Amino acid sequence: MNREQRLVARRNAADSRIKDFLDAFEEAADRLSIPCSERRRFLGWTIENLWNKHIEERMNRRLVIENEINNLGLRIPNGTVRKAYTASFALPADKVKDVAIDGLEETGLTLSQPAEGEYLISGTPQKHGDFTLTVSYSTVEGEPRSSFKLPVAFNPDPRSIWRDLRSRLHKDGVKPDWATEYIMVKEDAEGAPRKDVIAASIQGRSHAHEERPRDDYFAARHYEDSDWYVVAVADGAGSAPLSWKGSEIACDTIIEHCRENLDGNKVFEEAIAAFHADPNTELRSVLTAQVSNIIYKGAVKAHEAINAEAAAQGEKPRDYATTLMFAICKHFSFGWFIASFWVGDGAMCIYDEKGGSAKLLGTPDEGEFSGQTRFITMREIFHDKDLVAKRMRMTIVPDFTALFLMTDGVSDPLFETDNNLNDFNKWKEFYSLLKEGFPEDGIPGVNLTDDNPEAAGELLEWLKFWRPGNHDDRTMVVVK
Amino acid sequence: MRILPVYLLIDTSGSMHGEPIESVKVGLEALVSSLRQEPAALESVALSIITFDKDVKQILPLTPLDELQLPEITTPESGPTHTGLALQLLCERVDKEVKKGTAETKGDWKPLLFIMTDGKPSDSKLYKDMIEEVKKRHFGNIVACAAGPSAKAEELLKLTDKVVSLDTLDSTAFKKFFKWVSDSINIGSQSVGATDDIALPPPPPEVNLIL
């Protein structure tokens, strides 16, 4: 058979099938007594009905798939601007084809398909903001494409949006945004090295961002004649408008009070020596009375000095609310005598690396929520004698590596909990952090060798360490 | 890491249906996106949204600001306003989601509460009981907003002394209100070490302070 014959044969076969079909239709129509005049219309009606049913089924199949996809509740995580981002999701490959994402381009990301049914969004987002991506896909042939929304946000890197408005100058009579001090104490008459004091305080990023004053303050002295050290650290309450002044008054009052009471106070020094030689109850109470006279009275004076300033300015003392911790210490032939007072949060600790001990000089006042603490301006802290006693400490130790006083701007991020503050190993980590710095953030450590005045500036730089969510003022005084 | 928990309670009863709820959505989007520009907020704020109508739902569990994506908000066409039930769910969620300080864990910042309603509580008995429970949770601040002419400020004053009102339920008013909420949260996130109530920024003219 040639090509033409084959075509004719095929056409004949088709014709005969159509004839068969028409015959069958006519037979059925006869059987059902469908009038001849109605038959054409009936055929049209049948086709239309079946077509609609087909469309409906097709649409239903699409809707079923859409429902299934929507029920997956696909979500992708948010990202950070200029940090590599990847997010993946899966869609059933047997039901979903030709996946595309609208709105992806403007975010700087691209879509790829690492495996069948697997989709990967990746790249480095360039713009911050909230975006709504539209994921579209094909389901059933002949049906329109389906889609769902995929919200995503790209956050700025928090570090990049802090405004640093720190200034060294006094602004409107408010203290400068940072301060440093190094007290170099040269060898004694016998040539033995003596401890120095390193101190630094810096306005927190959150305050710098809003040009609010540094609420923290420190004061430190070494009296050459008596060889007493006095160190004080205070943290004004964030919510109290004049707390920056309150912390200043509190520390300065302590320094003045201790100078008056320590200079040439042979009675006190004899009481210390006597108690050390024979630590009996009677000598203890003699010494305690002496310590109270200096430490407790100092705290009361700080409280009163703030009240007096508030009265003079016509303000409320609570507007000056501030924490206060201070310590006095002196080296004797038998070791170091240290006495302290502490109200509020932060940390004060005698750290002895060789001896393997970290003695916290009190318990930080903390409430059930962060930021709740007590202040020297609160009258009630002086009411309960037992509670007052708990705020005071005295101790004699052979030696120590460092005496630390710090505000919660330092202790919160680096210790976090009370348990950690009482853990020698955490203090050991802290001490090495102080020496090593934070290399990942380009912040060097503090060179703690003796008689190194550079250390104060280094401590100031060190205090700028980064910890997310911790941007309070930071102050630290180290006797070492 | 410690967070500043912020709870937003939003009235989704029938009267909020339509333009009002659409304006609230726009306001919420603006709130989230402006807070995300603030470093202190970005690192510490966590947001939760509870909607209340006949039903009460926490449509957004307490989620850090940088991670959150706003959920859909729907309103029924009509029905009661179960404010009391909303406060009950709030207390349950706060107990579960806000960390208290212990020797082993650092506590979160005091939570903030913003509640917005355009009517009055339909469950007044429960509402009254729950006010006592809310007070026990020691929120750092509670701000209530009486939105539109039918809102009852005197009911809200039982919950907090910081009540503001909006004259209308249109998009301008809500926009201004949520901008102000966002400023308040931002101040909260910067007031680290604050013990008392966190100060609120002055409200814009569209937001009336009720004393």
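Taking strands (runs of 3 or more DSSP E) that do not extend beyond segment A:65-160, which have at least 1 residues that are touching a Pro at 6+ places or on another chain (Cβ under 9 Å) and closer than 30 Å to B:Pro39 by Cβ?
So the answer is A:85-90, A:109-115, A:129-138, A:146-155.
Checking the condition over 20 Å from A:Leu324 (Cβ atoms), in contact (Cβ under 8 Å) with a residue 24 or more places away in the chain and open to solvent by less than 10 Å² (accessible area, probe 1.4 Å), which residue from A:Asp177, A:Asp227 passes? I'd like the intermediate steps shown before the answer.
Values: A:Asp227 fails: open to solvent by less than 10 Å² (accessible area, probe 1.4 Å).
Unique residue meeting the criteria: A:Asp177.
Just one of B:Ile142, B:Ile185 is in contact (Cβ under 8 Å) with a residue 24 or more places away in the chain and within 14 Å of chain A (Cβ to nearest Cβ); which is it?
On the way: B:Ile142 fails: within 14 Å of chain A (Cβ to nearest Cβ).
Criteria check complete, one pass: B:Ile185.
Based on what the data block shows, is A:Glu416 open to solvent by 10 Å² or more (accessible area, probe 1.4 Å), over 23 Å from the mean Cα position of the chain (by Cα) and of a type in the set (Asp, Glu)?
Taking the combined requirement at face value, the residue does not satisfy it.
Does A:Asn425 fit the bill of being more than 14 Å from chain B (Cβ to nearest Cβ), open to solvent by 50 Å² or more (accessible area, probe 1.4 Å) and part of a loop (DSSP other than H, G, I, E, B)?
no
Hey, does segment A:470-479 have a residue that's surrounded by fewer than 22 Cβ atoms within 10 Å (Cβ to Cβ) and either more than 18 Å from A:Val233 (Cα to Cα) or more than 18 Å from the chain's Cα centre (by Cα) (or both)?
no
What residue, of A:Ala240, A:Ala234, A:Ala220, is in contact with a strand residue (DSSP E or B) (Cβ under 8 Å, 6 or more places away or on another chain), within 14 Å of chain B (Cβ to nearest Cβ) and in a strand (DSSP E or B)?
Being in contact with a strand residue (DSSP E or B) (Cβ under 8 Å, 6 or more places away or on another chain), within 14 Å of chain B (Cβ to nearest Cβ) and in a strand (DSSP E or B) holds for just one of A:Ala240, A:Ala234, A:Ala220, which is A:Ala234.
Looking at segment A:171-217, which of its residues are away from every other protein chain (no Cβ under 14 Å) and aliphatic (A, V, I, L, M)?
A:Val174, A:Ala179, A:Ile183, A:Met184, A:Val185, A:Ala189, A:Ala192, A:Val197, A:Ile198, A:Ala199, A:Ala200, A:Ile202
Can you tell me which residue in segment A:81-92 is nearest to A:Glu68 (Cα to Cα), limited to those that are in contact with an Asp or Glu (Cβ under 8 Å, 6 or more places away or on another chain) and open to solvent by 90 Å² or more (accessible area, probe 1.4 Å)?
That would be A:Lys83.
Of these, B:Lys136, B:Lys158, B:Lys125, which one is surrounded by fewer than 22 Cβ atoms within 10 Å (Cβ to Cβ), modelled with pLDDT of 90 or more and within 14 Å of chain A (Cβ to nearest Cβ)? Spell out the reasoning first.
Details: B:Lys158 fails: within 14 Å of chain A (Cβ to nearest Cβ); B:Lys125 fails: within 14 Å of chain A (Cβ to nearest Cβ).
One residue alone meets the criteria, B:Lys136.
Here's the yes/no breakdown for (1) touching a Gly at 6+ places or on another chain (Cβ under 9 Å); (2) under 27 Å from A:Ser239 (Cα atoms):
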| position | (1), (2) |
| --- | --- |
| B:Pro64 | no, yes |
| B:Pro76 | yes, no |
| B:Lys100 | yes, yes |
| B:Pro111 | yes, yes |
| B:Thr117 | no, no |
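Considering only residues that are surrounded by 15 or more Cβ atoms within 10 Å (Cβ to Cβ) and more than 14 Å from chain B (Cβ to nearest Cβ), which ones fall in segment A:137-158?
Within segment A:137-158, A:Tyr137, A:Ser138, A:Thr139, A:Val140, A:Glu143, A:Ser146, A:Ser147 meet the criteria.
Please go through segment A:341-391 and pick out each residue that is open to solvent by less than 40 Å² (accessible area, probe 1.4 Å), of a type in the set (A, V, I, L, M, F, W, C) and under 25 Å from A:Ala289 (Cβ atoms).
A:Phe341, A:Trp342, A:Val343, A:Met348, A:Ile350, A:Leu360, A:Leu361, A:Ile376, A:Ile381, A:Phe382, A:Val388
What is the one condition in (1) surrounded by 16 or more Cβ atoms within 10 Å (Cβ to Cβ); (2) within 13 Å of chain B (Cβ to nearest Cβ) that A:Tyr431 does not satisfy?
Condition (2) is where A:Tyr431 drops out.
From the list A:Arg61, A:Arg40, exactly one residue is assigned to a helix (DSSP H, G or I), farther than 28 Å from A:Ala153 by Cα and either in contact (Cβ under 8 Å) with a residue 60 or more places away in the chain or in the same structural domain as A:Ser146 (by TED's automatic domain parsing) (or both). Which is it?
Working: A:Arg40 fails: either in contact (Cβ under 8 Å) with a residue 60 or more places away in the chain or in the same structural domain as A:Ser146 (by TED's automatic domain parsing) (or both).
Going through A:Arg61, A:Arg40 in turn, just one is assigned to a helix (DSSP H, G or I), farther than 28 Å from A:Ala153 by Cα and either in contact (Cβ under 8 Å) with a residue 60 or more places away in the chain or in the same structural domain as A:Ser146 (by TED's automatic domain parsing) (or both): A:Arg61.
Return yes when A:Asp352 is acidic (Asp, Glu), at the interface with chain B (Cβ under 10 Å from one of its Cβ atoms) and in contact (Cβ under 8 Å) with a residue 40 or more places away in the chain and no when it is not.
no
Can you tell me which condition B:Ile50 does not meet? The list is (1) surrounded by 21 or more Cβ atoms within 10 Å (Cβ to Cβ); (2) within 18 Å of B:Asp183 (Cα to Cα), and all the others hold.
Just one mismatch for B:Ile50, condition (2).
Inside segment A:455-480, can you point out the residues that are acidic (Asp, Glu) and either in contact (Cβ under 8 Å) with a residue 60 or more places away in the chain or within 14 Å of another protein chain (Cβ to nearest Cβ) (or both)?
A:Asp472, A:Asp473, listed by residue number.
Just checking, which of A:Arg159, A:Arg194 is under 31 Å from the mean Cα position of the chain (by Cα) and either modelled with pLDDT of 95 or more or not small (Gly, Ala, Ser) (or both)?
Residue meeting the stated conditions: A:Arg159.
Which ones in segment A:93-122 are open to solvent by 30 Å² or more (accessible area, probe 1.4 Å) and in contact with a helix residue (DSSP H, G or I) (Cβ under 8 Å, 6 or more places away or on another chain)?
A:Lys95
When you check A:Leu434 against the structure, is it assigned to a helix (DSSP H, G or I), under 30 Å from A:Glu187 (Cα atoms), among the aliphatic types (A, V, I, L, M) and in contact (Cβ under 8 Å) with a residue 24 or more places away in the chain, yes or no? Talk me through it step by step, then tell me what you get.
Details: assigned to a helix (DSSP H, G or I): yes; under 30 Å from A:Glu187 (Cα atoms): yes; among the aliphatic types (A, V, I, L, M): yes; in contact (Cβ under 8 Å) with a residue 24 or more places away in the chain: yes.
Spelling it out, A:Leu434 is indeed assigned to a helix (DSSP H, G or I), under 30 Å from A:Glu187 (Cα atoms), among the aliphatic types (A, V, I, L, M) and in contact (Cβ under 8 Å) with a residue 24 or more places away in the chain.
Determine which member of the set B:Val45, B:Val26, B:Val32 is surrounded by fewer than 17 Cβ atoms within 10 Å (Cβ to Cβ), within 13 Å of chain A (Cβ to nearest Cβ) and of a type in the set (A, V, I, L, M, F, W, C).
That would be B:Val26, the only listed residue that is surrounded by fewer than 17 Cβ atoms within 10 Å (Cβ to Cβ), within 13 Å of chain A (Cβ to nearest Cβ) and of a type in the set (A, V, I, L, M, F, W, C).
Mind listing whichever residues of segment B:63-110 are among the aliphatic types (A, V, I, L, M) and either free of Cβ contacts under 8 Å to residues at least 40 places away in the same chain or away from chain A (no Cβ under 14 Å) (or both)?
The answer is B:Leu65, B:Leu68, B:Leu85, B:Ala86, B:Leu87, B:Leu89, B:Leu90, B:Ala103.
Within segment A:124-136, how many residues are at positive phi and surrounded by fewer than 16 Cβ atoms within 10 Å (Cβ to Cβ)?
Count: 0.
The values are calculated or read from the model by the stated rules, or taken from the named source; none is laboratory data. Fair warning: this is a prediction, and the values are worked out from it, not measured in the lab. We place every Cβ from the backbone using ideal geometry, glycine too, and count neighbours over all the protein chains shown. Each accessible area value is taken on the protein alone, full model and side chains, heavy atoms only, with ligands, DNA and RNA left out. Shrake-Rupley method; radii C 1.70, N 1.55, O 1.52, S 1.80 Å.
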